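Novice: A single structure is presented below for examination.
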Amino acid sequence: MSELQVGLLVVGVVVVAVVFLYNKWQERRYRREAEAGFASRHEDVLMRPGGGAGPGTSSTSSGLERVEPVLVSFEAEAEAAGASRPGLSEFLDLIVPIETPEEVSGAALIGAAAPALERCSKLTSWEGFDETAASWEPLDPDRSYSRLRSGMQLVDRRGAADAEELAAFGAAIESAAASVGALAAVPDPAPALAKARELDRFCGEVDIRFAVHVVSDTGAFSGTRLGGLAQAAGFELDEPDGKFRHRDEAGRVICALANLEPSPFSIDGLRSLSTHGVTLELDVPRTPRGAFVQFRDSVQFFARELNARIVDDNRQPLGPAAFDAIGAQLRAIHRSMDARGIPPGGALALRLFS
C-alpha cells in the first residue's frame, strides 16, 4: 500500500469519526431539548414541595400551584358566559387564508380537511367572510363562501406548537383547498414559531392557581352539609370533574370547591360522603378582575359555617396577612397579562389557558 493510500485511509477514518461524534452530540442536544420541553417550565422562588392538593397540580406551602395541562371545555364556559366564541386572532393563531374563484360550500371544505386535522394536537378553527356584514364569522357548513380561512392555535396549557405541527396543518389546509378548487396561501411558519415560544414562556410565568384548604381536626364534614353550604354560597356542582364552581353574573368561573380527599363530589355520592377537608381554588389567568374578594369571602364562609381551620398544604394556618399576599400577587399577575393584551378571564385568556 502506497503512502498516498495510507494517507487517504487515515483521512477517511478521521472524517467518519468526526461525523459520528457530531451526530452523537446532536442526539444528546435534541434529547436535552425534548426533556426540557416536557419538564416544568419555570422554577418559582415560592415553589416548595408540599402536601398534594389533588391530581394534576403541584402544590406549595403558601397555597400556590403551578397548573398542569388539563382538558377543559372552553366552549362550555364561553356559552355559560353568554359570549360567542372568539374569532381567529393573529395574536394566537397561525391563520391560512383561502381564496376561491367561485363560492365553496363550508361543509365540503371542512370535510376535505377533517381526516388530517383530527391528528392535530392544537385547536383548529374555520371562518368564512360574510359579504353582507363585511366581517368574518364562524364557518357555517350550510353556507357557501368565496373567502375563507383556517387557523391553528399556537399555544395552550400543553405548550407551544412545534414546526412539525405547523407544517402538517399547512399541508392539510393546502390539500383540502386544492380538492375544492381553491388556493390556500400558507404563511411562513418561522415568525409563528418564534411568537409561540415567547408566548408560551410568558404563559408559564403567569399560569398559577391559588389553593387553600378548610379542614376539621375533629369530626368529618358530611356531603349533604357541604352541598347545602355550597348551594347557599352560589356554587353549582359540575359533575364531570366533581367540583363545585362559583360563577359571576356573566357566567365566568370565580373559584372552585373540591374535596381535599380523593373522592370527587357527585350528586348521588354527597348523601354518603364524609370528608375532613375541602379545597378552594382560584385559577389566576382564567379569573376575571375582582374575583379575589369573592374567593376570600367564600373561604371564610366555609370555615365559619363548618367551624373549621383555613390552612395551606402543610396544614399551617393562613391568616389575613397570607390572603393580603395572595391578593397582591394576583393583582401583579393580572397587570402583567393586561400589559401583554391578554385580559384576565377574557376570551384570549380562556383559550390560552385551556
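The values are calculated or read from the model by the stated rules, or taken from the named source; none is laboratory data. Keep in mind the model is a prediction, meaning the values are calculated, not measured. Cβ sites come from the backbone with ideal geometry, for glycine too, and all protein chains shown count toward neighbours. The area values use the complete protein model at the heavy-atom level, side chains included, leaving out ligands, DNA and RNA. Shrake-Rupley method; radii C 1.70, N 1.55, O 1.52, S 1.80 Å.
Residues are listed down the side, and each one gets a yes or a no for (1) farther than 25 Å from LEU123 by Cβ; (2) touching a Ser or Thr at 6+ places or on another chain (Cβ under 8 Å); (3) among the polar types (S, T, N, Q); (4) in a loop (DSSP other than H, G, I, E, B):
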residue: PRO288; (1), (2), (3), (4): no, no, no, yes
residue: GLN294; (1), (2), (3), (4): yes, no, yes, no
residue: PHE301; (1), (2), (3), (4): yes, no, no, no
residue: ALA322; (1), (2), (3), (4): yes, yes, no, no
residue: GLY327; (1), (2), (3), (4): yes, no, no, no
residue: ARG331; (1), (2), (3), (4): yes, no, no, no
residue: GLY341; (1), (2), (3), (4): no, no, no, yes
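Novice: On to the next question. So, of the residues in the range 303-320 that are assigned to a strand (DSSP E or B) and over 29 Å from the mean Cα position of the chain (by Cα), which turns out to be farthest from HIS246 (Cα to Cα)? So that I can check it myself, show each step before the final result.
Specialist: Step one: of the range 303-320, the residues assigned to a strand (DSSP E or B) are 309-311, 317.
Next, only the ones that are over 29 Å from the mean Cα position of the chain (by Cα) stay: 309, 317.
On the way: ARG309: 21, PRO317: 24 Å.
My answer is PRO317.
Novice: Which condition does ASP162 not pass, out of (1) out of contact with any Lys or Arg (no Cβ under 7 Å at 6 or more places or on another chain); (2) in contact (Cβ under 8 Å) with a residue 40 or more places away in the chain; (3) over 30 Å from PRO101 (Cα atoms), if it passes all the others?
Specialist: (2)
Novice: Looking at (1) under 17 Å from SER216 (Cβ atoms); (2) buried (at least 18 other Cβ atoms within 10 Å of the Cβ); (3) modelled with pLDDT of 95 or more, find the lone condition where ASP313 falls short.
Specialist: (3)
Novice: Open to solvent by 50 Å² or more (accessible area, probe 1.4 Å), of a type in the set (D, E, K, R) and in contact with a Phe, Trp or Tyr (Cβ under 8 Å, 6 or more places away or on another chain): which single residue out of ARG143, ARG119, ARG147, ARG158 fits that description?
Specialist: ARG147
Novice: Only one residue in VAL253, VAL206, VAL214 is open to solvent by less than 50 Å² (accessible area, probe 1.4 Å), among the aliphatic types (A, V, I, L, M), over 29 Å from GLY346 (Cβ atoms) and touching a residue at least 40 places away in the same chain (Cβ under 8 Å). Which one?
Specialist: VAL214
Novice: Mind checking which residues of the range 242-255 are among the basic types (Lys, Arg) and in a loop (DSSP other than H, G, I, E, B)?
Specialist: ARG252
Novice: Pairs under 6 Å by beta carbon, first residue farther than 16 Å from GLU205 by Cα and in contact (Cβ under 8 Å) with a residue 24 or more places away in the chain in the range 271-289, partner of a type outside the set (A, V, I, L, M, F, W, C) and part of a strand (DSSP E or B), six or more apart or different chains?
Specialist: Taking only residues 6 or more apart or on different chains, the pairs are SER274/SER222; THR275/ASN259; GLY277/HIS213; THR279/HIS213; GLU281/ARG209.
Novice: Another question, then. Which of the residues that make up the range 217-250 are among the aromatic types (Phe, Trp, Tyr) and surrounded by fewer than 16 Cβ atoms within 10 Å (Cβ to Cβ)?
Specialist: Of everything in the range 217-250, nothing turns out to be among the aromatic types (Phe, Trp, Tyr) and surrounded by fewer than 16 Cβ atoms within 10 Å (Cβ to Cβ).
Novice: Let me ask you something else. Got at least one residue in the range 143-150 being under 18 Å from ALA192 (Cα atoms) and modelled with pLDDT of 95 or more?
Specialist: yes
Novice: Same structure, new question: Given the residues ALA196, ALA258, ALA211, which is the only one that is farther than 17 Å from ASP312 by Cα and either touching a Gly at 6+ places or on another chain (Cβ under 7 Å) or not in a loop (DSSP other than H, G, I, E, B) (or both)?
Specialist: ALA196
Novice: Shifting gears a bit: When you go through ALA171, ALA184 one by one, which is the residue that is crowded, with 16+ Cβ neighbours inside 10 Å and either over 23 Å from ALA347 (Cα atoms) or touching a strand residue (DSSP E or B) at 6+ places or on another chain (Cβ under 8 Å) (or both)?
Specialist: ALA184
Novice: Follow-up. So GLY290 ticks every box in (1) touching an Asp or Glu at 6+ places or on another chain (Cβ under 9 Å); (2) modelled with pLDDT of 95 or more; (3) open to solvent by 20 Å² or more (accessible area, probe 1.4 Å) but one. Which box is left unticked?
Specialist: Only one criterion in (1) touching an Asp or Glu at 6+ places or on another chain (Cβ under 9 Å); (2) modelled with pLDDT of 95 or more; (3) open to solvent by 20 Å² or more (accessible area, probe 1.4 Å) is unmet by GLY290, namely (2).
Novice: Suppose the filter is within 23 Å of the chain's Cα centre (by Cα) and exposed (fewer than 13 other Cβ atoms within 10 Å of the Cβ); does ALA194 pass it?
Specialist: Yes.
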